[in-house]
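No value in this document is a laboratory result; all are computed from the given coordinates. Since the structure is predicted, the reported quantities are computational estimates derived from the model, not experimental observations. Reconstructed Cβ throughout: ideal geometry from the backbone, glycine too, with neighbour counts over all protein chains shown.
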Amino acid sequence: MALKALEAAGVASGLDRDGAFAAAWCEAHGLGGLAILVRDLDALFGVPTHSGKRINAGGLSALVVGPLAIDLAMVMDLELRVENIRSPAAALAYAVRRARNDRWFRLVWGDSEALAAEAQTMISLTNPDVATELTISCGKGVPPQISDVTIDTVELERRHMRALKEGLFLVRETRESLLEAAKRVLVPASESSRSGAGAEVDDNA
């Protein structure tokens, strides 16, 4: 559903899968990924601009800006500031995915911060939904410390295992919003669509 919703919003191929991954990762770790997706359905299509150590997200969600920001911080090995971004907490999913081979990321947004290192993720979560700036630091070796940790690696893994065992619970409003968004990617049924569907497919190929 998340992938189809992103496709329907016009998100580029590949980036739609990244966004679906981030939404599912955040949801499975108790960080409200599906609520972020529903809230940001109107902020998924556009092109951010980059100049030096700054990215102007242009009001886009971290679901689609996050991969660019994390990769850029990693490649340029610098402290990167992302301005005019929505739901910056979602970028943590990409940081965790990239935190390999002794590399770490520190993310700061509003009064919250997070550290993603290999086999170690910690979050000091205060108010993740209102910040519009995200600062990303990247390095190798011993990661920095963050203060006032509210969610640590053990807790995140506990939430993840519970999600794997019990599945994800969707409130009705979120489920209906996702279904409605996902339906927009489907081609309306017609004589033409029915006659053309699968016409070029060779089952023996």
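Have a look at the DSSP beta bridges in the chain and tell me what percent are antiparallel, nearest 5.
Working: 23 of 27 bridges.
In the chain, DSSP labels about 85 percent of beta bridges as antiparallel.
Taking Cα atoms only, the orientation of helix 15-28 departs from the longest principal axis of the chain by about 60 degrees. Kirkwood-type hydrodynamic radius, the stretch 68-184: 15.5 Å, calculated from all non-identical alpha-carbon pairs. Sorting 21, 45 from the fewest to the most surrounding beta carbons within 10 angstrom yields 45, 21.
Classification of the stretch 1-86 by its C-alpha gyration tensor yields a prolate form. The axis ratio a/c (a ≥ b ≥ c) is 1.5 or more, and a/b outweighs b/c. For the stretch 100-136, the list of trypsin sites (Lys or Arg not before Pro) that fall in a loop by DSSP and count at most 12 other C-beta atoms within 10 angstrom reads 100.
For the stretch 2-184, what's the relative contact order in percent, using C-alpha pairs closer than 8 Å and at least 6 residues apart?
Numbers: 368 pairs, mean separation 41.3, N = 183.
Contact order relative to length: 23 percent.
Relative to the longest principal Cα axis of the chain, at what angle does helix 62-76 sit, 0 to 90 degrees, rounded to 10? Compared with the principal axis, the helix lies near 50 degrees. Between 0 and 90 degrees, rounded to the nearest ten: what's the tilt of helix 153-166 against the longest Cα principal axis of the chain? Helix 153-166 sits at roughly 20 degrees to that axis.
With a ≥ b ≥ c the root eigenvalues of the C-alpha gyration tensor of the chain, is it rounded (a/c under 1.5), prolate (a/b larger than b/c) or oblate?
Working: a/c = 1.92, a/b = 1.64, b/c = 1.17.
Taking the square roots of the gyration eigenvalues as a ≥ b ≥ c, the chain is prolate.
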